[in-house]
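Before any comments, here is the structure.
The values are calculated or read from the model by the stated rules, or taken from the named source; none is laboratory data. Just so it is clear, the model here is predicted, and its values are computed rather than measured. Don't worry about glycine lacking a Cβ; one is built from the backbone with ideal geometry, like all the others, and counts go over all protein chains shown. The area values use the complete protein model at the heavy-atom level, side chains included, leaving out ligands, DNA and RNA. Shrake-Rupley method; radii C 1.70, N 1.55, O 1.52, S 1.80 Å.
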Amino acid sequence: ARRAGRVIGVTLRPADGAGAPVTLAAPAVLLAGGGAAGLYAVTTNPPRIRGEAAGMAARAGAAIVDAEFVQFHPTALDVGADPAPLATEALRGEGATLIDAAGARFMPAAHPDAELAPRDVVARAVFAEWRDGGRPMLDARAVFARRGRAAFPALDATCARHGIDPAHAPIPVAPATHYHMGGVATDAAGRSGLPGLWVCGEAAATGLHGANRLASNGLLEALVFARFAADDIAATLGPAPEAGEVALRFAPAAPPPAAPVAALRQVMSAHAGVVRDAEGLRTALAEIARLEAAAPDAPAFANMTATATLIAASALLRRESRGAHYRADFPRPAARGARRWLTLTEALALRSEIVKETRCPSPDCPI
Ligand SMILES: Cc1cc2nc3c(=O)[nH]c(=O)nc-3n(C[C@H](O)[C@H](O)[C@H](O)COP(=O)(O)OP(=O)(O)OC[C@H]3O[C@@H](n4cnc5c(N)ncnc54)[C@H](O)[C@@H]3O)c2cc1C
């Protein structure tokens with residue numbers, strides 16, 4: 001909820017439409033609703049993590065930064081599960097190799113560090129293998145022979161659930177979205193551009209992870225910046241007054257409409273994924289607009305399409321490749337890197353221009 005440009009609390013609307021909305025007034029709101037990786041069809045993230053937090057803040061007017069930087073984990077298990085389970089990178093650290101369907105390693109040709117190259121490089125090589133009709137696999141047989149099953153119990157159990165024995169067969173893998181470096185632009189105290197709104201965790205973009213998070217820094221950042229935000233809120237507001245317990249009896253919210261969400265995730269994977277180009281990103285923006293127009297009364301979905309729009313628009317505007325953002329039409333980094341702040345209003349203006357210019361591939365296109 002906003003008044004005079006300030007966030008003044010959170011408005012809750014009964015999902016079944018029965019009863020009036022309730023505003024929980026608050027001098028400070030701390031948003032910690034996670035990232036946006038679940039906006040993609042193949043992801044390691046649970047279904048709740050689909051960019052709703054950043055989308056909510058963007059719709060309230062907060063600026064979003066680094067939206068184009070979506071990290072792909074190179075070795076999710078390609079077993080048709082949603083979310084896709086992970087094959088830990090520790091395996092490659094122990095000597096597991098990436099092989100094609102014929103059993104040949106493909107990483108030595110892609111990077112001098114082969115399987116130990118940075119996440120984005122390995123993700124692109126696995127993606128290229130898969131896109132070209134291959135079957136990329138992680139061969140951990142020698143690692144299991146040397147270290148035994150007990151060294152990787154989680155992976156062993158996950159593989160067993162999907163009928164794979166990693167000690168005796170290579171594991172089919174695919175890149176999966178894993179972490180969003182972008183999010184609500186915040187300062188070192190977790191303050192967003194909207195007075196009254198603090199953001200922490202993956203929903204925020206402090207800039208700490210640059211264009212390509214290093215593994216294991218996500219939780220650390222979430223914990224440290226949550227503390228900074230809490231300290232800043234306490235310092236800004238002083239001691240909190242005693243507040244009574246809020247008892248709300250709302251019916252459980254209906255999940256967002258399944259078909260548009262599934263379509264949105266396919267659009268993001270197909271056109272704003274591991275390898276991007278202008279044509280694909282323009283198609284993504286036009287398709288997001290079409291899906292949004294077709295589901296007008298779905299606030300959770302509107303939060304998702306807001307974040308999807310910001311990701312695709314930022315990716316289109318970044319005419320270079322850097323970190324997790326790779327443009328086939330601009331494959332090199334620019335001489336100077338610069339972060340991009342974008343409001344939803346700006347991203348929607350770009351999207352509208354593209355919708356006017358683009359002939360949507362679908363027959364029910366709104367133009
Ligand atoms: C499989 C996997 C493995 C990972 N491994 C590591 C690791 O080893 N080390 C590391 O540092 N990081 C790891 N990460 C990343 C790390 O887990 C996340 O970055 C971190 O959990 C983000 O914390 P958060 O509190 O910001 O959000 P989350 O932990 O994602 O929590 C967000 C919460 O908000 C809720 N929420 C979202 N939208 C709404 C809504 N609209 N209404 C109400 N509630 C909502 C969600 O249900 C959830 O409870 C991993 C991520 C995954 C998916």
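Can you find a residue that is in contact with a Phe, Trp or Tyr (Cβ under 6 Å, 6 or more places away or on another chain), more than 16 Å from the ligand (Cβ to nearest atom) and open to solvent by less than 50 Å² (accessible area, probe 1.4 Å) anywhere in region 44-64?
Yes, that holds for at least one residue.
So, in region 270-315, exactly how many residues are under 22 Å from G33 (Cα atoms) and either open to solvent by 30 Å² or more (accessible area, probe 1.4 Å) or modelled with pLDDT under 95 (or both)?
Number satisfying all stated conditions: 5.
If you check A262 against the conditions, is it farther than 25 Å from T206 by Cβ, surrounded by fewer than 16 Cβ atoms within 10 Å (Cβ to Cβ) and not acidic (D, E)?
Here the answer is yes, as A262 does meet what is asked.
Failed condition for E245, given (1) away from the ligand (no atom under 16 Å from the Cβ); (2) open to solvent by less than 70 Å² (accessible area, probe 1.4 Å); (3) of a type in the set (D, E), with all others met?
Against the list (1) away from the ligand (no atom under 16 Å from the Cβ); (2) open to solvent by less than 70 Å² (accessible area, probe 1.4 Å); (3) of a type in the set (D, E), E245 comes up short only on (2).
Of the numbered conditions (1) touching a strand residue (DSSP E or B) at 6+ places or on another chain (Cβ under 7 Å); (2) open to solvent by 40 Å² or more (accessible area, probe 1.4 Å), A157 satisfies every one except a single condition; which is it?
Every condition holds for A157 apart from (1).
Is it the case that region 86-97 has a residue that's touching a Pro at 6+ places or on another chain (Cβ under 7 Å), outside the structural domain of D187 (by TED's automatic domain parsing) and either within 26 Å of L116 (Cα to Cα) or more than 15 Å from the ligand (Cβ to nearest atom) (or both)?
Among the residues of region 86-97, not one is touching a Pro at 6+ places or on another chain (Cβ under 7 Å), outside the structural domain of D187 (by TED's automatic domain parsing) and either within 26 Å of L116 (Cα to Cα) or more than 15 Å from the ligand (Cβ to nearest atom) (or both), which makes the answer no.
For a quick check of your reading of the model, give me the residue pairs whose first member lies in region 244-256 and is of a type in the set (F, W, Y), whose second is in a loop (DSSP other than H, G, I, E, B) and open to solvent by less than 80 Å² (accessible area, probe 1.4 Å), with beta-carbon atoms closer than 8 Å and at least 6 apart or on different chains.
Here the result reads F250/P14; F250/A15; F250/G19, each pair linking region 244-256 to a residue that is in a loop (DSSP other than H, G, I, E, B) and open to solvent by less than 80 Å² (accessible area, probe 1.4 Å).
Let's see how each residue does on (1) assigned to a helix (DSSP H, G or I); (2) within 13 Å of the ligand (Cβ to nearest atom):
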residue: H209; (1), (2): no, yes
residue: E221; (1), (2): yes, yes
residue: V224; (1), (2): yes, yes
residue: R227; (1), (2): yes, yes
residue: I233; (1), (2): yes, no
residue: T236; (1), (2): yes, no
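Which residues, counting only those in region 213-235, are of a type outside the set (D, E) and open to solvent by 70 Å² or more (accessible area, probe 1.4 Å)?
L214, S216, L219, L220, L223, R227, F228, A235
Among (1) more than 11 Å from the ligand (Cβ to nearest atom); (2) in contact (Cβ under 8 Å) with a residue 40 or more places away in the chain; (3) among the basic types (K, R), which single condition is R3 missing?
Unmet condition: (2).
Pick from region 170-189 the residues that are touching a helix residue (DSSP H, G or I) at 6+ places or on another chain (Cβ under 7 Å) and within 12 Å of the ligand (Cβ to nearest atom): which of them is farthest from N217 (Cα to Cα)?
V184
Mind checking whether some residue in region 31-43 is assigned to a strand (DSSP E or B), closer than 28 Å to D165 by Cα and open to solvent by less than 40 Å² (accessible area, probe 1.4 Å)?
Yes; the residues of region 31-43 include at least one that is assigned to a strand (DSSP E or B), closer than 28 Å to D165 by Cα and open to solvent by less than 40 Å² (accessible area, probe 1.4 Å).
Report those helices (runs of 4 or more DSSP H) wholly inside region 91-181 carrying at least 3 residues which are within 16 Å of H73 (Cβ to Cβ). Before you say what the answer is, go through the steps one by one.
On the way: elements: 119-131, 141-147, 153-161.
Of the helices (runs of 4 or more DSSP H) lying wholly inside region 91-181, those with at least 3 residues that are within 16 Å of H73 (Cβ to Cβ) span 119-131, 153-161.
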